Amino acid sequence: MYNPTVMDHFENPRNVGEIPDADGIGEVGNLSCGDILKVYVKVVDGKLEDVKYQTFGCGAAVASGSMLTELAKGKTVEEAMKITNNDVAEALNGLPPQKRHCSNLAADALHKALEDWRSKQK
Ligand code: FES
């Protein structure tokens, strides 16, 4: 059901775990499937020096979190804010239609983590 890129990120997920001293944390859940994805960011000089994630979700959520962290790492906060759900799905070479919501969790959680970081700057 999944293409080789998705399978690779599902079987060898990148950047899994927690950043204990994270500057921002974002958690998103999906009501229909009950899955949850959490993103941690470390921001240094306006750039995402580290991004990690944890998920209690399906294979597509695992792969989406993994791809998202790869897309976001090293980007500025502004650039990372522009990463869309579609970008994650496209970088994975597509997800089956019924699994599109899984990639939404990842980008949404990143945006929440960045908003969390922003709210702490004030
Ligand atoms: Fe819910 Fe994939 S089925 S995140």
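Matching residues to (1) buried (at least 21 other Cβ atoms within 10 Å of the Cβ); (2) outside any helix (DSSP H, G or I); (3) more than 12 Å from the chain's Cα centre (by Cα):
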residue: 60; (1), (2), (3): yes, no, no
residue: 68; (1), (2), (3): yes, no, no
residue: 78; (1), (2), (3): no, no, yes
residue: 89; (1), (2), (3): yes, no, no
residue: 95; (1), (2), (3): yes, yes, yes
residue: 100; (1), (2), (3): no, no, yes
residue: 103; (1), (2), (3): yes, no, no
residue: 109; (1), (2), (3): yes, no, no
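Counting only residues that are open to solvent by less than 60 Å² (accessible area, probe 1.4 Å), of a type outside the set (A, V, I, L, M, F, W, C) and in contact with a strand residue (DSSP E or B) (Cβ under 6 Å, 6 or more places away or on another chain), the stretch 1-34 holds 6 of them.
The values are calculated or read from the model by the stated rules, or taken from the named source; none is laboratory data. All values reported here derive from a predicted model rather than from experimental measurement. Neighbour counts are summed over all protein chains in view; Cβ atoms, including those assigned to glycine, are modelled from backbone coordinates with ideal geometry. Just the protein is used for accessible areas: all its heavy atoms, side chains included, with ligands, DNA and RNA removed. Shrake-Rupley method; radii C 1.70, N 1.55, O 1.52, S 1.80 Å.
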